[in-house]
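Asks: Questions regarding the structure given below will be posed in turn.
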Amino acid sequence: MADLAFKPAIATGLTAFILGLYFLVYNPGGAANTLREEAFDFLESVIPPKRLPDGVVVVDIDRRTLSAKGGGWPWSREWHADLIAKLKQSNPEVIGIDILFSGPDRRSPALILSELARTTGRTDLEKTAEGLPDGTKRLAEVIDGSEVVLGLLLDEAGKDTVPFPSPILQMGSARQQLRPVQVASGVDAPFAGLSDGAAAVGALSFSAGTGTKVRQAPAFVLGGGEIFAGFAMEVFRNSQQASAFVLEENGTGVSVGDRRIPLDEGAAMRLHLSSPATWGARTVSAIDVFEGKVPAERLAGRIVLVGTSAPEGGAFLATSVGPITPTVQVQAEAIEGLRSGDIPRRIRNPRVLEPLAASALGLVALAAALWLGPLAASSVLAMLMLGWIGFSAGLFASTRLLIDPAGPLIPAIAAANSALVVMFAHTRKLRGAIERKFGRYLSPEIVRRLTAAPEELKIEGELREVSALFSDIEGFTTMSENAEPRTLVGALDAYFDGVCAIVIRHGGMVDKIVGDAVHGLFNAPLTVEGHAKAALDCAIEIGRFTTEFRQREDARRLGFGRTRIGLDTGPVIVGDVGGLGHLDYTAHGDAVNSAARLEALNKQFGTTVCLGARAAAAIGEPERLRPLGNVVLRGRTAQTAVFSPWPDDATPERRQAYMAAFDRMASNPAEARSLFQALAETWPGDPAVAYWVKTLA
């Protein structure tokens, strides 16, 4: 790459690289965090979490239950008491209630009549109320002394009496290192008569992370001046029969019995959610419990969570698996993670390691863009991206450590693409200059039309049947590497003058000259009667011209290779591509692609001109062509017949012998081989005969 392109490219690439690092490190507008968390969500969705057997059972107070019980939400505490009593009969390990029992039961008949007595002043009603059912009292009796975990919520305006906090043992200054992200000056706690008899009270509060999605469950929260464990943590502790939580001195982990639980910043643990499609296997409807349809062994010795998925309950969170995820299912997922130890956690020092990785990836990508070609640079960038994403996925799959799979790629993508755009723009400018130089090889009809009417620069596209001709010089790359530049340019000028003149003389248009190749179109933009035959006549004349051209002194000194020509016919889209500053009248279609592939096929058969079956049919003169065989062109799947014009030394006897041998190949290859071998003795210079002798040997 010339300095004119290299210097702007490296300046632009480095600028983009620095901006990409800035994006990753300084997180403008939280965009880098959002990208990272969405990438983590994707990793967690494709790598399923580990789960132990006999896991959590969720008892769902669903819409079917509410309908069967004939009430809306909130439920009467009498019904909650009945449900918990039913569950206790199956001897579960622990029962967690993902419902806040705040204040007295407003649906309790005793409370309703007591309030009526106070407002009316009727003491007789007060005495009557004392004999009516009291849902809160009944629920307290059912809970008292049982392995039931209740929940509370953090509330800045909460004025409830703070329940007895979670039992926490600390190592050294662990309490000072523990800095919960969820903090409030008060709590919304269960009614005092309920929490006093419960096994524990945990925090039901969740905090939304980046993008409003909940991705963490609280391990500990600070409410009303006391530290409480999260609800899932308390349920898990009671299932483990652990007397207390043991905080590590640095605050990065907590032990529950013999299980160590890693903690993220903010005293939280990351959730690794399984697919909601699997949740139905652990969920039973509360009405089925009431009606005795849930076998006792389904609940015995298990962790049982009670919650609601009914819309009336409003207990939903936005998570990575859905915008309305029932909180009881999120709690169940958190407990399953605690049971299996499947708790994702960030790598240590991500704010250092990830920018370092981004720097390495970005500099490699930029170097590839500057010193390699566009295709190679794109391949390097793709490998870097796939490698980094694969490394991130492998690390998470094997260790549950999370390293950002997306953010560190931003500097690499920005740097490589910015440099490639600059270099592409420079290359396009050079190509435009070359095309203008060879504009004299356009069809004179097109030149005259544009000179007479410049406003017609934009030629409307149309579908036309054309015959496409592709020529190429054999061994041009090696010749150009060893040639003296002035001699090579002079010889090429004469070569192109001759080839292009032949194309135009036969009614064709020189579509373009690319390197050593000439692309010609027949029947575009103007109609050419018998265009396929004209293209064949043109190809034969080019073959004769180039054979003679190779005998010139400068061509022999250069080692000028023979010219190969491909030809095919078919419908293509032709028209002007470009703007007012540049006109490129060209064709797009299968016939054009086939002509290029047929040109290359001459290497296989040793021929000069190779044409496809459609061109042969369009020519309509089968006596002028000889079959070469059926081949699968590069990039195709079906076989097609290919042909070549008979060479000048093909006498009637030779043509007859060739066709006799060719016709035997399908039915009797051995006989065909013998016939071709006999023909080779009388026609030693024919490349097609030599090809079949070698192929059938």
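The values are calculated or read from the model by the stated rules, or taken from the named source; none is laboratory data. Remember, predicted model here, so these are calculated numbers, not experimental data. Methodologically, a virtual Cβ is constructed for each residue, glycine included, from the backbone with ideal geometry; neighbour enumeration extends over all protein chains shown.
Asks: Applying the selection to the range 383-426, what residues are among the aromatic types (Phe, Trp, Tyr) and crowded, with 20+ Cβ neighbours inside 10 Å?
Replies: Those that are among the aromatic types (Phe, Trp, Tyr) and crowded, with 20+ Cβ neighbours inside 10 Å: Trp388, Phe396.
Asks: Scan the range 358-382 for residues that are assigned to a helix (DSSP H, G or I) and surrounded by fewer than 22 Cβ atoms within 10 Å (Cβ to Cβ) and report the count.
Replies: Qualifying residue count, the range 358-382: 14.
Asks: Considering every residue within the range 179-186, establish whether at least one is assigned to a loop (DSSP other than H, G, I, E, B), modelled with pLDDT under 90 and over 26 Å from Glu333 (Cβ atoms).
Replies: Yes, the range 179-186 contains at least one residue that is assigned to a loop (DSSP other than H, G, I, E, B), modelled with pLDDT under 90 and over 26 Å from Glu333 (Cβ atoms).
Asks: Say we look at the range 506-523 and pick out the residues that are among the small types (Gly, Ala, Ser) and over 42 Å from the mean Cα position of the chain (by Cα); which of these is modelled with the lowest pLDDT? So that I can check it myself, show each step before the final result.
Replies: Of the residues in the range 506-523, the ones among the small types (Gly, Ala, Ser) are 507-508, 515, 517, 520.
Now drop any that are not over 42 Å from the mean Cα position of the chain (by Cα), which leaves 507-508.
On the way: Gly507: 84, Gly508: 87.
Restricting to residues being among the small types (Gly, Ala, Ser) and over 42 Å from the mean Cα position of the chain (by Cα), the top hit is Gly507.
Asks: Something else now. With respect to Phe662, is the statement that it is touching a Pro at 6+ places or on another chain (Cβ under 7 Å), part of a helix (DSSP H, G or I) and closer than 24 Å to Lys533 by Cβ true? Steps first, answer last, please.
Replies: On the way: touching a Pro at 6+ places or on another chain (Cβ under 7 Å): yes; part of a helix (DSSP H, G or I): yes; closer than 24 Å to Lys533 by Cβ: yes.
So Phe662 passes the test.
Asks: So which pairs qualify, if the first residue must be in the range 460-482 and closer than 17 Å to Gly575 by Cα, the second must be modelled with pLDDT under 90 and exposed (fewer than 12 other Cβ atoms within 10 Å of the Cβ), the Cβ gap must be under 9 Å, and the two must be at least 6 apart or on different chains?
Replies: So the pair list comes out as Arg464/Thr527.
Asks: Pull up the range 149-178, narrow it to residues that are in a loop (DSSP other than H, G, I, E, B) and surrounded by 21 or more Cβ atoms within 10 Å (Cβ to Cβ), then point me to the one that is modelled with the lowest pLDDT.
Replies: My answer is Leu178.
Asks: Could you please find all residues in the range 616-635 being within 22 Å of Gly606 (Cβ to Cβ), touching a residue at least 24 places away in the same chain (Cβ under 8 Å) and in a loop (DSSP other than H, G, I, E, B)?
Replies: Leu633, Arg634, listed by residue number.
Asks: A further question follows. For the condition assigned by TED's automatic domain parsing to the domain that holds Met479 and either closer than 30 Å to Glu484 by Cα or surrounded by fewer than 24 Cβ atoms within 10 Å (Cβ to Cβ) (or both), what is the one hit in Gly515, Gly508?
Replies: None of the others qualify; the one that does is Gly515.
Asks: Suppose we filter Ala358, Ala281, Ala300, Ala310 for residues that are without any contact (Cβ under 8 Å) to a residue 60 or more places away in the chain and small (Gly, Ala, Ser); which single one remains?
Replies: That would be Ala281, the only listed residue that is without any contact (Cβ under 8 Å) to a residue 60 or more places away in the chain and small (Gly, Ala, Ser).
Asks: Name the residue, out of Arg654, Arg597, that is in contact with a helix residue (DSSP H, G or I) (Cβ under 8 Å, 6 or more places away or on another chain), of a type in the set (D, E, K, R) and either in contact (Cβ under 8 Å) with a residue 24 or more places away in the chain or assigned to a strand (DSSP E or B) (or both).
Replies: On inspection, the qualifying residue turns out to be Arg654.
Asks: OK, next. When the range 67-78 is examined, which residues are found to be outside any loop (DSSP other than H, G, I, E, B) and either surrounded by 21 or more Cβ atoms within 10 Å (Cβ to Cβ) or touching a Ser or Thr at 6+ places or on another chain (Cβ under 6 Å) (or both)?
Replies: Hit for the range 67-78 is Arg77, nothing else.
Quick grid of which residues meet (1) farther than 26 Å from Leu536 by Cβ; (2) crowded, with 17+ Cβ neighbours inside 10 Å; (3) not polar (S, T, N, Q):
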{"position": "Glu653", "(1), (2), (3)": "no, no, yes"}
{"position": "Ala657", "(1), (2), (3)": "no, yes, yes"}
{"position": "Ser667", "(1), (2), (3)": "yes, no, no"}
{"position": "Phe676", "(1), (2), (3)": "no, yes, yes"}
{"position": "Thr682", "(1), (2), (3)": "yes, no, no"}
{"position": "Gly685", "(1), (2), (3)": "no, no, yes"}
{"position": "Ala688", "(1), (2), (3)": "no, yes, yes"}
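Asks: Let me ask you something else. Could you tell me how many of the residues in the range 524-554 are modelled with pLDDT under 90 and within 19 Å of Ser471 (Cα to Cα)?
Replies: Summing the residues that are modelled with pLDDT under 90 and within 19 Å of Ser471 (Cα to Cα) in the range 524-554 gives 1.
Asks: Suppose the filter is touching a residue at least 24 places away in the same chain (Cβ under 8 Å), in contact with a helix residue (DSSP H, G or I) (Cβ under 9 Å, 6 or more places away or on another chain), surrounded by 18 or more Cβ atoms within 10 Å (Cβ to Cβ) and among the hydrophobic types (A, V, I, L, M, F, W, C); does Leu194 pass it? It would help to see each step written out before you state the result.
Replies: On the way: touching a residue at least 24 places away in the same chain (Cβ under 8 Å): yes; in contact with a helix residue (DSSP H, G or I) (Cβ under 9 Å, 6 or more places away or on another chain): yes; surrounded by 18 or more Cβ atoms within 10 Å (Cβ to Cβ): yes; among the hydrophobic types (A, V, I, L, M, F, W, C): yes.
So Leu194 fits the description; yes.
Asks: Given Phe605, Phe662, which one is in contact with a Gly (Cβ under 9 Å, 6 or more places away or on another chain), assigned by TED's automatic domain parsing to the domain that holds Gly508 and among the aromatic types (Phe, Trp, Tyr)?
Replies: Of the residues listed, the single one that is in contact with a Gly (Cβ under 9 Å, 6 or more places away or on another chain), assigned by TED's automatic domain parsing to the domain that holds Gly508 and among the aromatic types (Phe, Trp, Tyr) is Phe605.
Asks: Of the conditions (1) out of contact with any strand residue (DSSP E or B) (no Cβ under 6 Å at 6 or more places or on another chain); (2) under 18 Å from Thr563 (Cβ atoms); (3) free of Cβ contacts under 8 Å to residues at least 60 places away in the same chain; (4) not in a helix (DSSP H, G or I), Ile513 clears all except one; give me its number.
Replies: The one condition Ile513 does not meet is (3).
Asks: If I filter the range 484-505 for residues that are in contact with a Gly (Cβ under 7 Å, 6 or more places away or on another chain) and either touching a residue at least 12 places away in the same chain (Cβ under 8 Å) or of a type outside the set (Asp, Glu) (or both), do I get at least one hit? Give the derivation first.
Replies: Residues of the range 484-505 in contact with a Gly (Cβ under 7 Å, 6 or more places away or on another chain): 503.
Right, trim to either touching a residue at least 12 places away in the same chain (Cβ under 8 Å) or of a type outside the set (Asp, Glu) (or both) and you get 503.
Scanning the range 484-505, I find at least one residue that is in contact with a Gly (Cβ under 7 Å, 6 or more places away or on another chain) and either touching a residue at least 12 places away in the same chain (Cβ under 8 Å) or of a type outside the set (Asp, Glu) (or both), so the answer is yes.
Residue by residue, here is whether (1) part of a loop (DSSP other than H, G, I, E, B); (2) modelled with pLDDT under 90; (3) among the hydroxyl-bearing types (Ser, Thr, Tyr); (4) surrounded by 17 or more Cβ atoms within 10 Å (Cβ to Cβ) holds:
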{"position": "Gly251", "(1), (2), (3), (4)": "yes, yes, no, yes"}
{"position": "Gly280", "(1), (2), (3), (4)": "no, no, no, no"}
{"position": "Val284", "(1), (2), (3), (4)": "no, no, no, yes"}
{"position": "Lys293", "(1), (2), (3), (4)": "yes, no, no, no"}
{"position": "Gly301", "(1), (2), (3), (4)": "yes, no, no, no"}
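Asks: List pairs: first in the range 79-96 and in contact (Cβ under 8 Å) with a residue 24 or more places away in the chain, second polar (S, T, N, Q), Cβ under 6 Å, 6+ apart or cross-chain?
Replies: From the range 79-96, the pairs are Glu93/Ser239; Val94/Asn238; Val94/Ser239.
Asks: Residues Ala494, Ala501: which one is in a helix (DSSP H, G or I), closer than 12 Å to Phe560 by Cβ and assigned by TED's automatic domain parsing to the domain that holds Asn593? Let's see the steps before the verdict.
Replies: Numbers: Ala501 fails: closer than 12 Å to Phe560 by Cβ.
So the residue among Ala494, Ala501 that is in a helix (DSSP H, G or I), closer than 12 Å to Phe560 by Cβ and assigned by TED's automatic domain parsing to the domain that holds Asn593 is Ala494.
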